[in-house]
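What follows draws every value from the coordinates through simple rules; no lab data is involved. This is a predicted model, so every value here is computed, not measured. In this analysis, Cβ positions are derived from the backbone assuming ideal geometry, glycine residues included, and neighbour counts consider all displayed protein chains.
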Amino acid sequence: MKIPTTLKHKPVIISENYENVDGRYAYNSDAKGLSLGLAQWNDRGKVDVSAKVWRYTGEKWSRQSEELPLHRVLDLAILICRAKLHFREAYRYEKLYDTDNPVIDRVGLQGDAMTVAVCTDNEKINEDIKLFSQALSIDDELMGERLSTLSRILKEMGY
């Protein structure tokens, strides 16, 4: 399925077969493509690049398609990696986190830091964190393949 090029987001680099590799939804996904392109929120004279997940309902392109600035995509990758790192050792805590200090890390970015923490405002955090940990474990091979690929590409880039 071809990603539309007539909408506000202007695709430049695309993956039109994303539905075939969309994690556990592979071959049965409404996320039909990914693109990097010119952001839909661009103002005259200002150009931002964004990433977009293109979702298709079977009848039309979905309003649930997501467009993110590239730095947010990378911030999400950082958050995922930090969470996975936490859950490697989470078994040491009775509730899978330090209840006295729910902050997992502060990741330095742009002169400040992104706080990574367990959401203790969630009334069902003790149940939800177990479910989250189980889901990470189930998807470990799926995510591990992608993280290994990302690591290899980052090394090729000199990072």
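Once backbone amide H atoms are built at 1.01 Å from N, Lys32 has Trp54, Arg55, Tyr56 as its partners under 5 Å, excluding neighbours fewer than 5 places away on the same chain. Labels on offer are (1) 15.3; (2) 18.2; (3) 16.0, and the one holding Kirkwood radius over Cα pairs in Å computed from this structure is (2). Computed extension gain for Asp140 through Tyr27, at 0.36 nm per residue and net of the alpha carbon distance, reaches 38.7 nm.
In sequence order, segment 65-80 has phi-based couplings of 4, 10, 10, 10, x, 4, 5, 6, 4, 5, 4, 5, 4, 4, 4, 4 Hz under the Karplus curve 6.51 cos²θ - 1.76 cosθ + 1.60, θ = phi - 60°, and Gly or Pro positions carry x.
Cross-link partners for Lys130 among the aspartates and glutamates, with Cα-Cα distance under 13 Å and sequence neighbours closer than 8 places in the same chain left out: Glu94. For segment 34-41, backbone phi angles converted through the Karplus equation (6.51, -1.76, 1.60; θ = phi - 60°) give residue-by-residue couplings of 10, 8, 10, x, 7, 5, 5, 8 Hz, Gly and Pro being listed as x.
Report the one residue of Ala51, Ser29, Leu109 whose Cα lies farthest in the direction of the positive end of the charge dipole of the chain (charges on C-beta: Lys and Arg +1, Asp and Glu -1; origin at the Cα centre). Comparing the listed Cα positions along the dipole, Ala51 ranks first.
Couplings for segment 95-110, taken from phi via the Karplus curve 6.51 cos²θ - 1.76 cosθ + 1.60 with θ = phi - 60°, read 9, 6, 7, 7, 5, 7, 9, x, 6, 7, 6, 10, 9, x, 8, 6 Hz in order; Gly and Pro are left as x. What angle do you read, to the nearest 10 degrees and between 0 and 90, between the alpha-carbon axis of helix 125-138 and the longest principal axis of the chain? Taking the Cα atoms of the chain, the angle to 125-138 is about 60 degrees. Sparsely packed loop sites in segment 99-151 (the GluC sites (Glu not before Pro) outside DSSP H, G, I, E and B with at most 10 other Cβ atoms within 10 Å) comprise Glu123.
Using C-alpha pairs below 8 Å separated by at least 6 residues, the relative contact order for segment 71-156 is 19 percent.
Extension gain for the segment Leu74 to Arg88, taken as residue separation times 0.36 nm less the Cα-Cα distance, is 2.9 nm to one decimal.
For the chain, give the magnitude of the charge dipole about the Cα centre (Cβ charges: +1 Lys/Arg, -1 Asp/Glu; no others), in debye to the nearest 20.
With only Lys, Arg, Asp and Glu charged at Cβ, the dipole is about 660 debye.
Counting other C-beta atoms within 10 Å, and keeping those with at most 13, which DSSP coil trypsin sites (Lys or Arg not before Pro) do you find in segment 1-37?
On the way: sites: Lys2, Lys8, Arg24, Lys32; in loops: Lys2, Lys8.
Those that pass, being in a loop and sparsely packed, are Lys2, Lys8.
Among the trypsin sites (Lys or Arg not before Pro) in segment 45-146, those located in a DSSP loop and surrounded by at most 13 other Cβ atoms within 10 Å of their own Cβ are Lys46, Lys60, Arg63, Lys95, Lys124.
In percent, rounded to a whole number, the relative contact order of the chain is 12, using alpha-carbon pairs under 8 Å and six or more apart.
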